[in-house]
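Since the structure comes first, as structure tokens, the remarks are kept for the end.
The values are calculated or read from the model by the stated rules, or taken from the named source; none is laboratory data. Quick caveat, the model's predicted, so the values are computed rather than measured. Cβ coordinates were reconstructed from backbone atoms using ideal geometry, including for glycine residues, and neighbour counts include every protein chain displayed.
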Amino acid sequence: MLYQLYDLQHAALTPLRLFAEATQATFQNPFFPGSYTKMGRTIAAGAELIERTTRRWGKPEFGLPSTTVRGREVAVTEVSVLTKPFCSLINFQRETPHDDPKVLLVAPMSGHYATLLRGTVEALIKNHDVYVTDWHDAKMVPLSRGRFDLDDYIEYVMEFIRFLGPDVHVMAVCQPAVPVLAAVSLLAQMDDPCQPRSMTLMGGPIDTTAAPTQVTKLAETRDIDWFERTVVTTVPAYYPGGLRRVYPGFIQLTGFMSMNLDRHVGEHLKLYRHLIRGDGESAEAHRRFYDEYLSVMDLTAEFYLQTVNTVFQRHALPKGEMTWRGMTVTPSAISKVALMTVEGELDDISAPGQTIAAHSLCSGIPAAMQVDHMQKGVGHYGIFNGRRWREEIEPKVRAFIRQHDRAAAGRSAAA
């Protein structure tokens, strides 16, 4: 009934939202004299807040029509090169091809769409041939397409790496750090010729015992049955994925918002004041961030529950107990793939210490092929978006990828 109640609430608020939209349109109309008064701006600002807090947000667009390559602006086309039931592999094809390193950017499947990495992609496509995993909303995937769990996620990552070939560099942001490390470990254990040239893990929960957070404490203080009873529900029959068991995106969003509720309330109050003052630039910056942040998708129940149990409760990977299709995942088997980890000093989701733990697990990688970077003054989001990402983190990631792209190419030539 949880999903039905959520939909019912949305339907019940529709008249209020429509009234707020009409009010906002009236008091922002340049032909209406009241729109030029402080009272008019105040009414329009209040109406916009009501409209935004009662709206349901759909999947955003990446919206990256062009980029700058070697000082020249070139067009970018978003192309789906491989489609599976729960994910599409997207390539940002640049109008003028360049011999740049190929990067597979594995987006989080944790409630938000892959477009949360828009800033990450925007910086990367200037110097790389970028492919992104665009995960599908579980409520839109028919039940006939089967189930999808953590093992399937790992299999998808391995398939994408094989599809792109041995010259690819793989990057994981947040949640996929564990399945990406598992996928690369399994490829190494199989002595697969398509092992990537490098692996960059950014703000991921490799070992959550290394630095507990509110997220990890919640997972450790509840058994898996509690999560299944409390946050898993069935998609109503009127959706394409009707009757599928899911962890709804709106529950995930509620959890994230409640972790920093004061901050989110403060940001909306700032928007209200910006609108009254007529500070359009600041208001638009707020809209851009929250348009993305409030757009959420559902996860399959089996993927969510297996991830909670494997990563946050049993800590299976750092303990050497993680398995895939009955095969033990052994990160120490990796020897040919360079490893870089990135952490944020103020990260309260994957706190510093959780991601760098990957280095001790990957003991087979030579020290010269391992790099860790701690970014001062940023939280979780700032690791992969914003000024610090563009100006300080991305250049280091780029240098790391290029260094090991050349080194791997040299080894292949020598062989």
Response to the item:
Filter the stretch 210-247 for residues that are among the basic types (Lys, Arg) and at pLDDT below 95; the one that is surrounded by the most Cβ atoms within 10 Å (Cβ to Cβ) is ARG222
Practice prompt. Could you pull out every one of the helices (runs of 4 or more DSSP H) wholly within the stretch 152-254 that has 1 or more residues that are closer than 20 Å to GLY364 by Cα?
Written response: 177-189
Item to complete: State the number of residues belonging to the stretch 327-356 that are of a type outside the set (Asp, Glu) and either touching a Pro at 6+ places or on another chain (Cβ under 6 Å) or assigned to a loop (DSSP other than H, G, I, E, B) (or both).
Response: 15
Worksheet, complete the sentence: The condition of being modelled with pLDDT of 95 or more and closer than 21 Å to VAL178 by Cα holds, among LEU105, LEU82, LEU143, only for LEU105
Discussion item. Can you tell me how many residues within the stretch 283-315 are in the same structural domain as TYR153 (by TED's automatic domain parsing) and without any contact (Cβ under 8 Å) to a residue 12 or more places away in the chain?
Written reply: 1
Discussion item. So, in the stretch 111-132, exactly how many residues are part of a loop (DSSP other than H, G, I, E, B) and among the basic types (Lys, Arg)?
Written reply: 1
Fill in: Tally, over the stretch 51-74, of residues that are over 30 Å from PHE19 (Cα atoms), among the basic types (Lys, Arg) and within 25 Å of the chain's Cα centre (by Cα)
0
Practice prompt. Check the stretch 34-57 and report whether any residue there is loosely packed, with under 12 Cβ neighbours inside 10 Å, acidic (Asp, Glu) and out of contact with any Leu (no Cβ under 8 Å at 6 or more places or on another chain).
Written response: no
Worksheet entry | Within the stretch 357-367, tally of residues that are in contact with a Ser or Thr (Cβ under 7 Å, 6 or more places away or on another chain) and without any contact (Cβ under 8 Å) to a residue 24 or more places away in the chain | 1
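Does GLY386 qualify as being surrounded by fewer than 18 Cβ atoms within 10 Å (Cβ to Cβ), more than 25 Å from LEU186 (Cβ to Cβ), of a type in the set (Gly, Ala, Ser) and within 22 Å of the chain's Cα centre (by Cα)?
yes
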Worksheet, complete the sentence: Considering only strands (runs of 3 or more DSSP E) wholly within the stretch 1-110, the ones with at least 2 residues that are of a type outside the set (Val, Ile, Thr) and in contact (Cβ under 8 Å) with a residue 12 or more places away in the chain are 72-84, 87-94, 102-106
